[in-house]
Structure formats: C-alpha cells, structure tokens
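A.B. asks: Structure provided below as structure tokens; questions to follow.
The values are calculated or read from the model by the stated rules, or taken from the named source; none is laboratory data. None of these values were measured; they are calculated from a predicted model. Note that each Cβ is placed from the backbone with ideal geometry, even for glycine, and that neighbours are counted across all protein chains shown. With ligands, DNA and RNA removed, areas are computed over all heavy atoms of the protein, side chains included. Shrake-Rupley method; radii C 1.70, N 1.55, O 1.52, S 1.80 Å.
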Protein chains: 2
Amino acid sequence: MQREVLDGAKGMVRDAIIQKFDIKIMLSSSNTIRIADFGCSVGPNTFIAMQHVAQALKEKYLYQVKYSTNNIPEFQIFFNDHVTNDFNTLFRSLPIDRSYYAFGVPGSFHGRLFPSRSIHFAHCSCAIHWLSKCPEELLDEKSPAWNKGLIHYMGTSNVEVLNAYVAQFEKDMDMFFNARAEEIVEGGMMVLVTPFESYTRLFKFFGSSLMDLVNEGKLDASLVDSFNLPMYFPSPEDMTKVVEKNGCFSIERMELTYPKSKLVDEADAKTLMINLRAVLEGLIINHFGSEIAEETCARTILKSDEISTWMKANYEKSCQLFVALKRK
Amino acid sequence: MQREVLDGAKGMVRDAIIQKFDIKIMLSSSNTIRIADFGCSVGPNTFIAMQHVAQALKEKYLYQVKYSTNNIPEFQIFFNDHVTNDFNTLFRSLPIDRSYYAFGVPGSFHGRLFPSRSIHFAHCSCAIHWLSKCPEELLDEKSPAWNKGLIHYMGTSNVEVLNAYVAQFEKDMDMFFNARAEEIVEGGMMVLVTPFESYTRLFKFFGSSLMDLVNEGKLDASLVDSFNLPMYFPSPEDMTKVVEKNGCFSIERMELTYPKSKLVDEADAKTLMINLRAVLEGLIINHFGSEIAEETCARTILKSDEISTWMKANYEKSCQLFVALKRK
C-alpha cells in the first residue's frame, strides 16, 4: 500500500525538484546536499524514495550547475523514525551500491531532530497521519466527543469526534512545522504524501469485528470505547490551514491523486486487509491483548466479500494527498 | 575495562580541546559543531565520552567566543560502528537529557562515512586495534609467518608473525587516516585511545586453553592453526609511523598512561577474564562452534589463580596509548 502511494508520488517529487528546487543556492555554502526522510520505517520503501530524490537532485544539478563547476555534490541522507523503530534492520538493508552517506536519526518528528538550517530537502510519506496521541476527549464519557462503540472518526456521525481529531492533528502539525522550519534552510523544500479518502476507511471493518465480539459477550464494551486509532487523514483544506497557520512555508503544489491499480476483487480485498492488519495489530494487541487481537483480525479478514463490495462502491473516492512546500 | 581506558583519557581529551582546538575558526561557517565517535558500540561508554567532549567544547567556547556572540553553538554527535552493531540498543539508551542531536552511522571506519570537511572533532576509543581482517600469511603453511599453535602475535617468538600483524595494521590505518583526512575540517582534531601493553596480553590464556583441548584430542590442531585474533596493539612508535606516513595530521600529543586501579587478586582476575570472554566469544564461536567456545572460555576462567600470578608480575607494564591529532 505504501509502495503504491510512493509510486503515485514519484513523478510529482521529481517535478517539484526540477521546477522549484534551486540547487545552486543550496550549494553556495558547502558541497553537500542534506536530505531527510521523516517516518522512514525499516525499508525498502524509504530507500526507493530516497533514490528517486537523490536522482532528481543530480539531474537538477547537471542542468543548473554543470557549467560552473566540476565539483559533483555529495549527498547525506538522514533516515528518521521513532526510537523504537528497528534501525538494525534498516541499516542492514541499506543498498550496497548507494551513492550517499547514510545516517539514522532516532526520535519523534513532532520535535527537533537536526541543527538549525541544516536540511535542504525533507520527505515524509505515509507518516504525518500518525498523531502524537489520541485526543483525550474521545475517552471522556462526559465529553460531547466521547467516541462510544467506535475506534476512529470514520463512520461516526458525531461531529465533535471529528473536531477532536482535527484539533489534535492541528496541534501535531504545528509542532512538526515549527521543528522543520528551524531545520530546513531558506529555499529548502519539503514534500508530504499522505493517504486521504482511501483504503484507510477500511479500518471501520476492524471496529465492527470488535463490536461483534462485544455483542457476543466476549469483550467488554468499555474496552472498545476506550480505544481509538491515533490517525487523522488530512484533506487539502486541512493541509492548507496548518501550513498557513504556521506561516514559514509556501505551498508550491498540492494535489489529490488516484491510484492506478484497481484492487476490487475478493482476493485483493483479503491481501489489503492483511496489510492493514500489519499496521493495526500492534495497537490492538497493546490495548486488548493478543487473544482478542488475533480473533479481531481473523474475523475482519473473513469479511473480504463484504469489503470487496464496499470497495467497488467506493473505489472512485480513493486517493492520496501530495504537497510540495518551500521554506520561505 | 573500556570504562577504565575512558576515565584514564578523560583529562587528556579535555586538555587537547582546551589547549589546541580553535572553536572560533570551527564556527566561522556555521553555528554547529559536529563530533563523531568511531567504534561506539552500544553504550554507555560512548555517551560518557561524548558528554565529556561536548562539555569541554562548551568550556572552550565560553572562554574563546563568548564576548563576540550570544549564539550558543548546536552540537551534532554521530555514533559510528559496524552495520552489525546493535544500534537499536544504542538509540534506546541515549541520555534523555542530552544537549545534542544524535545520529547513528553504520559502516566500517576503514572507509568513508561522512561528506568532505564535515567533522570538527573525532574520537575513537578501544577500537582501532581491531584489524579489518587477519593477515593472510598467518594461515599459510608455506609462509614464514605461519602462526602454528597460537592465536595471536602475543606469545610468539616468530618475528614474521609480528611483522604480518604490523603490515595489516599499517594498511588499515592508512585507510582510516585517508578517510578521516577527507572528513575532518582543516584545524579539526582527532583523539585516539587504544590499549597497548595491557590486559590484552591475557588473550594468550584463551590460546592455551584451546591447545589443552588439542592435546586432549578434543580439538583438531589445524583449527587452532587457522584461527588468529584480528587485533594489533600499536606502540607509540607504530602510531607515529602511520600518522607520519599518511601526512595529513600533526601529532599534538602522544602519551602512554597507566591505569589507576590495581586488579591483581584472583577475584579481579576472574572478573577480567569474564570481560575478555565477552570480547572474544563471538570470534571463537564463529570459528570453533559454540561447544568448543563454551569449553574454552570455562577452562580459561578456571585459570584465574595462574592469571592473577601473571598479572602481579606484569602489572607495571600495563598501559594505554593516547594520541591527539590535528588535521593540517
């Protein structure tokens, strides 16, 4: 799924670099281009993405600078993820023939990770939709945003639940942009790619499996009430709002794109649910324990005919959001 | 043992920075000081060492620069070790209250790891004595350097064996210095700390345990002949020679230091052998398998009375080599 998002964004990342990135100015104080991937996970998607970025930067360099110097720039690529990420696997999977110096950067991208004005190009794919935490109101019985019987804002008719998610997203993005604004050099760029109205809506099927267990008396309802997925999928309007509120970046391009593949038959649905299971399983185990998690995931995958029907009906809506920003 | 080496060098690292490091020049092009620890392992020694280095640099900064700017420098610390090092443990042990940005750098320090002229201060403690490989002549029955019945140059009377080790050390250090010469800025410094005539001589007791197994018919002699520890402990003369041959660094200080603690009774000997076992066990398992490794280590630890006697007789010789270099 992440690979599909990546492939969808490939051309737009290249365009952003070729059309908007001034590599001559970036190289004016040193001969090194520093690139960061925020939320890199363990590979191989991050290596593919960084290879694309470095390739496009080299192209731009040859186009823009080649006549003024023979000094080919060096590339320094920083792979960031939470301190609990498996960096051992990441490092052992680094391409042997890479043409860049590779570094691991442990820590939350909601805070500072780099010295001031040290990054020229930032990339973040399938990561900013992860909130730093769940909005607390969702768990509060007395709050109008209490999210009873659901595990996410998708599927709710309660606008207060959605508002709580939006508020948390805005807080998180403010921290994210404040940190990046310090770290990215003037004229430096940042590309964000994030799922929007997409397969992530399928999370609701995990929620309904949990509720099945409640209805069968196998799970306490309060456990479902106290569980909410810490993810928000921003719309173009959400994204515009947080970028403008921060004020340090200009929007160079923002676009919704639609995947090329059509995953709509029952077998596809099953594969997709297995992928989503991999994303959600850790969260579900932490909250419900491994037995309930196992049962929930198994039941959800059994719903593949229902899911397939839902996907056929909703396919056209599936899309991802691409944003290219420039540090003012 | 590494902690003792570290503590022994602490004052000298500080002196090198206070007396020789020109932080004003280092900060002339940016406000970030970049420090690298080569062969960092998993901590906590690397964190203690890097804390000392950053502290001394801040002291020098306040002394040298404070009246000219209010812009306190930022510190970027790079932790390097082989790609097989446990970076997950390293990252999860990073001090919470650190005052620097932390990065992991996977790869051999015998090759390039950083862009040109990007490091201001390099540190390497208890690491350069690890050779990139064993000298091949040691395994060749027809070579005058065939190291029959021994596992290291210590204990041999064959000068060809020693020469083979020295030649490999010189090759490795040439690669090491060539890479660092590109990476360290002009005027930048590098501190190397390495065991010399020290407890490492105790390796010979592991060798004699292996030979005991051969003599009892439990181990094939050719397996011992084909095993050699890939370590060389340079003397001040060795070090001077490799630095001068490379030609890119000036020697600012070189000194043999003697440990303060006196580990000489039988209990100390046992503790020390357990530490050495941790260093050697992986190598021994790889070559001999885990059963022989277990037996060898257990037998060696049983020799603690013999080892204690040896240590009392040789204590005065135990020392480590400290070198402070400056990039010309």
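A.B. asks: Could you give me D for the protein assembly as shown, from Stokes-Einstein at 20 °C and 1.002 mPa s, where the hydrodynamic radius is the Kirkwood radius over C-alpha pairs? Units µm² s⁻¹, please.
C.D. replies: Values: Rh = 28.3 Å.
The calculation lands on 76 µm²/s.
A.B. asks: Please list the three semi-axes, largest first and in whole Å, of the ellipsoid equivalent to chain A, using sqrt of 5 times the eigenvalues of its alpha carbon gyration tensor. Show your work: numbers first, answer last.
C.D. replies: Details: eigenvalues 288, 87, 67 Å².
Those come to 38, 21, 18 Å.
A.B. asks: For the stretch B:117-221, state what percent of all Cα-Cα pairs lands in each successive 5 Å bin, counting from 0 Å until the bin that includes the largest distance.
C.D. replies: Each 5 Å bin holds this share of Cα pairs: 2, 11, 16, 18, 17, 12, 9, 7, 5, 2, 1, 0.
A.B. asks: Tell me: how much accessible area in total is hidden between A and B, 1.4 Å probe, Å², nearest 100? Please report the intermediate quantities before stating the final value.
C.D. replies: On the way: alone 15240 and 15240 Å², together 28400 Å².
The A and B chains share an interface burying roughly 2100 Å².
A.B. asks: Here's a follow-up. In nm, what does the list of distances from residue B:186 to its counterparts in the other copies look like, shortest first, when each label sits 7 Å along Cα to Cβ?
C.D. replies: Distances between equivalent label points, in nm: 2.7.
A.B. asks: Quick one: work out the % antiparallel among DSSP beta bridges in the protein assembly as shown, nearest 5.
C.D. replies: Working: 33 of 77 bridges.
If I count the DSSP bridges inside the protein assembly as shown, around 45 percent turn out antiparallel.
A.B. asks: Same structure, new question: Test of the criteria: in the stretch B:112-143, which GluC sites (Glu not before Pro) are in a DSSP loop and have at most 12 other Cβ atoms within 10 angstrom of their Cβ? Mind dumping the intermediate values first?
C.D. replies: Working: sites: B:136, B:137, B:141; in loops: B:141.
Those that pass, being in a loop and sparsely packed, are B:141.
A.B. asks: Which whole-number value in Å² is the accessible area per residue of the stretch A:1-327, probe 1.4 Å? Don't skip to the answer; put the middle values down first.
C.D. replies: Numbers: 14070 Å² over 327 residues.
That works out to 43 Å² for each residue.
A.B. asks: Can you work out ³J(HN,Hα) from phi for every residue in the stretch A:279-293, in order, using Karplus 6.51 cos²θ - 1.76 cosθ + 1.60 and θ = phi - 60°, giving whole Hz and x for Gly and Pro?
C.D. replies: Along the stretch A:279-293, the couplings run 6, 8, 4, x, 4, 5, 4, 4, 8, 9, x, 6, 5, 5, 4 Hz.
A.B. asks: Once you have the Cα-Cα distance between residue B:306 and residue B:66, take 0.36 nm times their residue separation minus that, and quote the gain in nm to one decimal. Spell out each step's value before the answer.
C.D. replies: On the way: separation 240, 0.36 × 240 = 86.40 nm, distance 5.68 nm.
Taking residue B:306 through residue B:66 to full extension adds about 80.7 nm, to one decimal.
A.B. asks: Short version: ³J(HN,Hα) in whole Hz for each residue of the stretch A:137-147, in order, from phi by Karplus 6.51 cos²θ - 1.76 cosθ + 1.60 (θ = phi - 60°), x for Gly and Pro, what are they?
C.D. replies: So the Karplus estimates, Gly and Pro as x, are 4, 4, 9, 9, 3, 8, 7, x, 9, 4, 9 Hz.
A.B. asks: So what J values fall out for the stretch B:96-105 if you push phi through Karplus, 6.51 cos²θ - 1.76 cosθ + 1.60 with θ = phi - 60°, rounded to Hz, Gly and Pro as x?
C.D. replies: 4, 8, 5, 10, 8, 8, 10, 9, x, 10
A.B. asks: Here's something else I'd like to know. Can you list which of the trypsin sites (Lys or Arg not before Pro) found in the stretch B:106-163 are DSSP loop residues with at most 12 other C-beta atoms within 10 Å?
C.D. replies: Numbers: sites: B:112, B:117, B:133, B:142, B:148; in loops: B:112, B:117, B:133, B:142, B:148.
Filter output for the stretch B:106-163: B:133, B:142.
A.B. asks: Hey, another quick one. If we restrict to alpha carbons, what Rg and Dmax does the stretch B:238-302 come to, in Å?
C.D. replies: Considering the stretch B:238-302 through its Cα atoms, Rg and Dmax are 18.5, 48 Å.
A.B. asks: Follow-up question, since we're still on this one. Give the residue list of trypsin sites (Lys or Arg not before Pro) in the stretch A:7-91 that are DSSP loop and have at most 10 other beta-carbon atoms within 10 angstrom. Walk me through the numbers on the way to the answer.
C.D. replies: Details: sites: A:10, A:14, A:20, A:24, A:34, A:58, A:60, A:66; in loops: A:66.
Those satisfying the criteria are A:66.
A.B. asks: Go through A:269, A:111, A:310 and say which Cα lies farthest out towards the positive end of the charge dipole of the stretch A:1-327; charges sit on Cβ, +1 for Lys and Arg, -1 for Asp and Glu.
C.D. replies: Positive-end residue among those listed: A:111.
A.B. asks: Report the far tail of the P(r) of the stretch B:191-292, meaning the percent of Cα-Cα pairs longer than 18 Å. Don't jump to the answer; show the numbers that get you there.
C.D. replies: Values: 3144 of 5151 pairs.
Of all Cα-Cα pairs in the stretch B:191-292, 61 percent lie more than 18 Å apart.
A.B. asks: 5 Å is the cut-off here: which amide hydrogens, built 1.01 Å from N in the peptide plane, fall below it relative to residue B:82, excluding neighbours closer than 5 in sequence?
C.D. replies: When sequence neighbours closer than 5 places are left aside, the close amide H contacts are B:107.
A.B. asks: Other chains' Cβ within 10 Å of A:101-114 residues: what's the mean? It would help to have the intermediate numbers written out before the result.
C.D. replies: Working: counts 8, 6, 9, 10, 5, 9, 4, 0, 0, 0, 0, 2, 3, 5.
Whole-number average of other-chain Cβ neighbours for A:101-114 is 4.
A.B. asks: Right, next: Which distances, in nm and shortest first, link the residue B:306 label point to the same label point in every other copy, taking 7 Å along Cα→Cβ?
C.D. replies: Values, ascending and in nm: 7.3.
A.B. asks: List, shortest first and in nm to one decimal, how far the label point of residue A:159 (7 Å from Cα along Cα→Cβ) is from its counterparts in the other copies.
C.D. replies: Once sorted, the set of distances for residue A:159 reads 9.3 nm.
A.B. asks: How much net charge surrounds residue B:59 when only other residues with a Cβ under 13 Å from its Cβ are counted (Lys, Arg +1; Asp, Glu -1)?
C.D. replies: Surrounding charge for residue B:59 is +3.
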